[in-house]
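Just so it is clear, none of the values below were taken in a lab; they were calculated from the coordinates. Since we're looking at a predicted model, the values are computed, not measured. Counting neighbours? That spans all protein chains shown, and the Cβs are built from the backbone with ideal geometry, glycine included.
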């Protein structure tokens with residue numbers, strides 16, 4: 001197998017056009033001739049092609065909601081089973097934590113306002129900001145990825161791996177716990193004050209559309225925020241922790257909505273099918 | 001004392017002009033009539049005025065390197081002692097972790113290309129991205145703050161508290177430690193792989209200008225990265241940890257440059273004068 005290249009391919013800048021998957025492959029922009037994701041398993045994905053076919057793609061230009069592969073009938077192309085977090089799907093998920101960039105190429109058959117009129121166009125580097133499992137239109141599980149366009153020059157020097165946000169409601173919840181982690185009780189302190197992070201149990205961003213209210217917010221230390229964020233730690237119906245010893249600490253004034261935990265367990269499963 | 005308001009003051013949008021500090025104070029945009037920083041201690045700072053006077057300001061428009069107050073002779077206005085991390089200086093440092101926004105007003109006497117021709121102009125909301133101690137032009141310690149302009153609308157909804165960056169050299173160092181924290185050995189893992197964060201011991205951004213090379217990079221878990229970042233944990237000459245039990249774990253192939261640790265201990269002191 002040729003060495004995997006992350007980032008732009010020299011000689012094929014953003015905007016380069018290609019007649020066919022064959023040409024795209026020869027140029028090294030997207031090696032596989034059929035698969036939509038280039039990359040296998042733990043090594044990460046270096047490239048994806050958006051070219052129609054799957055049922056659930058949403059293309060907003062700088063943001064793409066990409067659907068993984070698998071579970072389709074090879075004849076009818078209809079979804080006939082669950083997608084698993086294996087092969088390309090697994091590879092693309094790996095980029096979520098490694099921060100490695102993914103080349104995005106759009107094909108003409110995409111039915112998107114951003115697709116080229118003919119052939120294939122290389123549209124630059126994206127990062128995998130998040131991924132989750134959801135019930136596709138067919139009723140079967142599919143894996144979804146939020147790809148976000150990287151800013152120019154980001155591939156060369158330093159690039160953003162994670163961004164921590166905060167809202168007014170989050171500050172309220174953090175104050176309630178005096179910045180202590182609801183999972184491990186740790187409170188990080190510096191000479192000028194304490195630090196904790198908030199997380200929305202059901203994420204705010206579409207398609208999740210969780211509310212920005214205290215019943216959907218936890219106060220966590222950075223380590224447990226990361227683990228909760230990627231589905232390595234979850235919270236059961238009775239607040240028992242999954243993937244971690246003990247129970248979520250909940251202040252009696254903090255009325256959490258259990259539907260949001262249910263939503264997260266479904267979409268960020270702690271033991272996805274990875275083999 | 002009137003309640004402290006963080007964010008825009010209703011009726012005085014960005015770009016509003018004021019004749020005098022008196023007018024600025026009455027409008028509530030910057031309450032104190034003399035002090036450059038509005039806010040005391042742990043509550044955080046809600047506003048600063050840039051109006052000339054201190055020796056070490058650098059105004060790049062969307063980024064400002066702001067110098068704290070104190071240590072000046074009231075008559076000559078010359079720096080005659082160290083600045084301490086107290087009063088307004090402490091307040092502004094607190095915003096670094098709380099993420100609370102600071103109103104920035106520029107005065108005409110600033111000698112900056114961004115200053116107004118007359119009076120004072122309110123220039124919108126900034127965040128305190130970092131702060132550190134350095135030797136000012138006078139030879140005395142001053143506290144410096146990196147203020148970064150917030151994007152429109154950020155004050156209403158969710159705002160960025162922290163951004164985690166990564167570079168190629170950082171990925172090398174993380175691989176060397178197999179994503180284990182050099183302080184606590186923790187390795188965060190999810191179903192698709194491990195996660196750790198890099199930090200430049202001497203920061204990359206001007207005025208620090210640290211190199212993006214492995215001898216200036218540590219691999220840390222998110223919690224220890226935060227503590228190291230804000231100067232709550234440091235590393236001594238012999239790799240003993242300061243502010244934490246034990247010793248920094250260093251792989252024999254990882255040749256760290258001790259000058260960078262020295263730089264960080266000077267600029268991010270573990271026990272700044274806070275009273």
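Just a few scattered comments:
- Shape analysis of the protein assembly as shown yields a ratio of the Cα radius of gyration to the Kirkwood radius, Rg/Rh, of 0.99.
- What separates the residue A:236 label point from its copies, with the point 7 Å along Cα to Cβ, is 4.6 nm, written shortest first.
- The average projected area of the stretch A:1-112, computed from the convex hull of its Cα atoms over all directions, is 7.4 nm².
- Between the stretch B:99-132 and the stretch B:179-221, the C-alpha centres lie 32 angstrom from each other.
- Extension gain for the segment residue B:257 to residue B:22, taken as residue separation times 0.36 nm less the Cα-Cα distance, is 79.5 nm to one decimal.
- Highest average packing first - B:91-97, A:188-194, B:41-47, Cβ atoms within 10 Å: B:91-97, B:41-47, A:188-194
- Inter-site label distance for residue B:172 and residue B:9 at 7 Å from Cα along Cβ, in nm: 5.2 nm
- Shielding by partners, peptide B:181-190 (average Cβ within 10 angstrom, other chains): 3
- Chain B has one residue whose beta-carbon comes closest to the axis relating it to chain A; that residue and its distance in whole Å are B:222, 2.
- Partner shielding of B:224-230 amounts to 4, given as the average count of beta-carbon atoms from other chains within 10 Å of each residue beta-carbon.
- The stretch A:124-265, relative contact order in percent, only Cα pairs under 8 angstrom and at least six apart counted: 18 percent
- Within 10 Å of each Cβ in B:92-99, the average number of Cβ atoms from other chains: 5
- By the count of other C-beta atoms within 10 Å, a proxy for reagent exposure, B:59, B:251, B:73 are ordered fewest to most as B:73, B:251, B:59.
- On the principal axes of its alpha carbon atoms, the stretch A:78-170 extends 41, 39, 29 Å, with the longest extent given first.
- Exam field: residue A:134 pseudo-label spacings to other copies (7 Å along Cα-Cβ), nanometres: 4.6
- Percent of beta bridges antiparallel (DSSP, the protein assembly as shown, rounded to nearest 5): 90 percent
- Working note: Debye formula, equal point scatterers on the alpha-carbon atoms of the stretch A:97-222, no solvent; log10 I(q)/I(0) at q = 0.13, 0.16, 0.20, 0.23 Å⁻¹ is -0.77, -1.00, -1.19, -1.27.
- Build a GNM of chain B with springs between Cα atoms under 10 Å apart, and of B:175, B:232, B:108 the one that fluctuates most is B:175.
- Across the identical copies, how the residue B:251 labels are spaced - nm, sorted shortest first, 7 Å along Cα→Cβ: 4.2
- Mean residue ellipticity (222 nm) of chain A, computed from DSSP H runs ≥ 4 via -39,500 (n - 2.57), nearest 500: -5000 deg cm²/dmol
- The angle between the Cα long axis of helix A:87-98 and the longest principal axis of the Cα atoms of chain A comes to about 50 degrees, rounded to the nearest 10.
- Beyond 17 Å, the tail of the calculated P(r) for the stretch A:163-275 holds 52 percent of the Cα pairs.
- The stretch A:49-101: C-alpha gyration tensor shape, a/c 1.5 cut-off, then a/b vs b/c: oblate
- Cα-based convex hull volume of chain B per residue, rounded to whole Å³: 150 Å³
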